[in-house]
Each structure stands twice: as C-alpha cells, then as structure tokens.
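Participant: Sharing a structure below in structure tokens format, with a few things to ask.
Nothing in this text is a laboratory measurement; each read-out follows from the coordinates by a stated rule. Everything numeric in this text was worked out from a predicted model, so none of it was measured. For neighbour counting, all protein chains shown are included, and Cβ atoms are generated from backbone atoms with ideal geometry for every residue, glycine included.
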Amino acid sequence: MRTLTLGTSGPVTSALGLGCMGMSALYGEADRGESIATIHAALDAGVTLLDTGDFYAMGHNEMLIGEALRSAPAAAREQALTSVKFGALRDPDGGWSGYDGRPAAVKNFAAYSLQRLGVDHIDVYRIARIDPDVPIEETVGAIAELVQAGHVRHIGLSEVGAATLRRAAAVAPICDVQIEYSLISRGIEDEILPTASELGIGVTAYGVLSRGLISGHFSRERQLTAGDFRGMSPRFQGENLQHNLDLVEALRKVAEQKGVTVAQTAIAWVLAQGPRHHAAIVPLVGARRRDRLAEALGALEVELGAADLAAIEAAVPAGAAAGDRYPQAQMAHLDSER
Ligand SMILES: NC(=O)c1ccc[n+]([C@@H]2O[C@H](COP(=O)([O-])OP(=O)(O)OC[C@H]3O[C@@H](n4cnc5c(N)ncnc54)[C@H](OP(=O)(O)O)[C@@H]3O)[C@@H](O)[C@H]2O)c1
C-alpha cells in the first residue's frame, strides 16, 4: 500500500482511506456483517485511514468501527487511524438541528466518541460544519487542548473555505481539510486547494464517486429508500440525473479503452490530483461491500498519463455536472461555498 503524510503536521496514512458513513446511514440499508468484513478487508489490504462521524446514525457508525477494530488482528488495529467528525446535532427522529462547536461541547463529543470507538485516542478530530455562533479559533482551540491532553493526535477541518483554513491554522497545526472533490465537484481547485497546499494542509477527499453517481453502477432504475441522501440530492433528480449519467457513459468509454472500470477511473483521477496541485490528497472511498472495496483498491494500480487525464477531462469537463452537490438548505451550512 502506498502511503503519504497527511499535511506537514499529520500522520502517515494509506494513499486511500475508507469512509464508513454508508455502513450506517444516508445510503439506505447496509449489512452489518458485510460492513465489518469490508473494514477488515480494507485493513488487511493496508488501508489505515477509517473515516466516521459521531452523528452517522447517532453513534452507530463509531460502534461498528469499534467492533471491527476489536475483532481485527492486533497489528492492523494498531496501524488504524480514526478520523472522526463531530458537531452535528440530531434528534430522536433522526432530524438534524444545527451544529455545536463550543469548547465544552467539543470535549463532551470527544468523551463519547472515545467510548464508542473503544480507543484511547482519536487520530484526527474535526467539526463537520463550522458553528456560525462560535469562532473557529475557539473550536480548534478546544481540540488543541484535547491534543495536549493526549485524547486526540491531530486536528482536521471539514468543508471550510480558504479564509477559515487560515484562521484555524493560525491557532494550531491543521493536518487536513475533508471536502468533496471529484471529477464533477472541482470547486476546491480555485482557492481552497491552493491555500491548503500553501499552508501544508492535506485533503481527505470525499464523494470521489459522487455518492455512487459516477461509479458506473448507478442507474435511473435504482430504487432509493426513505432517508437515502441521494433521494434529496439535486444531482440525482430527473433531468439532472440523466445529464449526469450521460457524463458517466462518456467516462465509461475512456475507462474501457484503458481496460479499467468507471469507478477506478474516477478514483485514480483524484489520486492523480495530489502531485498536480502539490498537495497531499487522500480519496476516502465509501465502499460498503468487499467487492466494491476491491474495485476501489484497483484504482491504486491505474497510471494516468497526460493523455489519459486529458481524455477523462474531455469526457467530464470541469463544471459539467447538473445540480448542486447538496440540497439548498445544506448548501447554506457550507463555509466552503461562500
Ligand atoms: N466531511 C463531510 O462533509 C463528508 C460528507 C460525506 C461523506 N464524508 C465521508 O466520506 C466518505 C466517502 O463519501 P461517500 O460515501 O459519499 O463516497 P463515494 O465513494 O463517492 O460514494 C460511495 C457510494 O458509491 C457507491 N459505489 C459504487 N461502486 C463503488 C466502489 N467501487 N467503491 C466504493 N463505492 C462505490 C456505493 O453505493 P452503493 O453501496 O449504494 O452501491 C457507495 O455507497 C463517507 O463514508 C464519509 O466518511 C464526509
């Protein structure tokens, strides 16, 4: 497994991370046994970075990861890095009610996460969305105190813009910003990515397959269950969906010429952006099954030269996607989109 350092202050991580969200929430039903087997298969393949959020099914995802870590071989468990998001407030009906980044709340969230994960420290800790009522300096300052106390190793950020990156980095070393980045979500290239690169902050890229949309496995016939994020995402609706799936078919032609899959092409494209933008970029793939994980890992073997990159970007030009990456109400929480 290739490794890289996540930002100048961060840990050494596998070049590909596993995002565990879909094993608990937001993409419909997931199979618990298969989810744990997928985490074990990832660790076995040398994937060390496991990403979660305490609000993914209200602690369910952390407990799942905790169970997978406990039942993994000791060597794999010791190498695993936990990347945890906090701050999103939920209610018993599964609703979302804002963000809390107050220092006392940060420490409270961390105390519960450590228990649920069954670990003595969290490797990277980050607020999922900034709390508009709490300056980022205070939230990051509270995580820095957790670092001092040994409960957290590194500080990350999520979906923040360049100005927030600078403010946070002035308080304490920031190892990475977690943000959506894919062939059809290239907004970070204008300002956020150059700023991260300048400040020595890495990027953990999510939505690399645009939540399955550009995986090559999604179709108009796919039935989404209630609560599936994709049922509300503008990119998955009506004419937008058809337009976006047409882009996938153009990408499929390029992938077939290379003898790889669409998903591998999309992941390999993100892997290729790190050197291009002088930044440490780690794709977090959201595989929930071992077969999907195996496909994703295959992307590490795909070499994309200048002609390949040009062909991919001709098939899916920057800005070609139809629809925003989040519903309007959720776009409003994105500091990165201001
Ligand atoms: N910081 C943030 O705001 C934020 C937001 C969202 C996610 N995240 C993190 O990023 C992680 C990844 O995000 P994501 O789940 O949206 O990523 P993704 O990799 O773009 O999408 C994952 C979905 O793609 C489909 N898929 C098809 N082929 C695949 C393959 N070969 N490998 C992997 N997935 C394949 C799967 O859907 P089916 O299983 O339905 O086929 C899977 O659920 C999450 O798990 C979470 O940890 C962070």
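Participant: Straight-line reach from residue 253: which aspartates and glutamates fall under 16 Å, measuring Cα to Cα and dropping same-chain residues less than 8 apart?
Facilitator: Cα-Cα hits under 16 Å: 308, 313.
Participant: From the convex hull of the Cα coordinates of the range 258-338, what is the mean projected area in square nanometres? Working shown, then result.
Facilitator: Working: hull surface 28.2 nm².
The orientation-averaged projected area of the Cα hull of the range 258-338 comes to 7.1 nm².
Participant: How fast does the range 30-74 diffuse by Stokes-Einstein, in µm²/s, taking the Kirkwood radius from C-alpha pairs at 20 °C and 1.002 mPa s? Intermediate values should be presented prior to the final figure.
Facilitator: Details: Rh = 10.8 Å.
So the translational diffusion coefficient is about 199 µm²/s.
Participant: Less than 13 Å Cβ to Cβ from residue 206, Lys/Arg counted +1 and Asp/Glu -1: what total charge do the surrounding residues give? Before the final figure, lay out the partial values.
Facilitator: Details: positive: 85, 126, 211, 325; negative: 51, 159, 176, 180.
Around residue 206, the surrounding residues sum to 0.
Participant: Let me ask something additional. Pull out a ≥ b ≥ c, the square roots of the eigenvalues of the alpha-carbon gyration tensor of the range 188-279, then state rounded if a/c is under 1.5, prolate if not and a/b is larger than b/c, and oblate in the remaining case.
Facilitator: Working: a/c = 2.56, a/b = 1.48, b/c = 1.73.
Here the range 188-279 falls in the oblate category.
Participant: Taking the range 74-152 on its own, what percent of its Cα-Cα pair distances exceed 17 Å?
Facilitator: That tail contains 46 percent of the Cα-Cα pairs.
Participant: If I model the range 3-337 as equal point scatterers sitting on the Cα atoms and use the Debye formula, what is log10 I(q)/I(0) at q = 0.06, 0.09, 0.14 Å⁻¹?
Facilitator: The computed values of log10 I(q)/I(0) come out as -0.18, -0.43, -1.13.
Participant: Just to compare against my own numbers: the Cα pair-distance distribution for the range 38-177, 10 Å bins, whole % per bin, please.
Facilitator: 12, 43, 33, 12, 0
Participant: Please give me the summed charge of the neighbours of residue 8: other residues whose Cβ is under 14 Å from its Cβ, Lys and Arg +1, Asp and Glu -1.
Facilitator: Details: positive: none; negative: 176, 198.
Summing Lys and Arg as +1 and Asp and Glu as -1 gives -2.
Participant: Work through the residues other than residue 307 whose Cβ is under 15 Å from its Cβ and net out their charges, Lys, Arg +1 and Asp, Glu -1. The partial results should precede the final answer.
Facilitator: Details: positive: 253, 258, 276; negative: 303, 308, 313.
Combined, the nearby Lys, Arg, Asp and Glu give 0.
Participant: Once you order the gyration tensor axes a ≥ b ≥ c over the Cα atoms, which shape class does the range 1-80 get: rounded for a/c under 1.5, otherwise prolate or oblate by comparing a/b with b/c? Could the numbers behind the result be given before it?
Facilitator: Values: a/c = 1.98, a/b = 1.46, b/c = 1.35.
Prolate shape, in that a/c is at least 1.5 and a/b is the bigger ratio.
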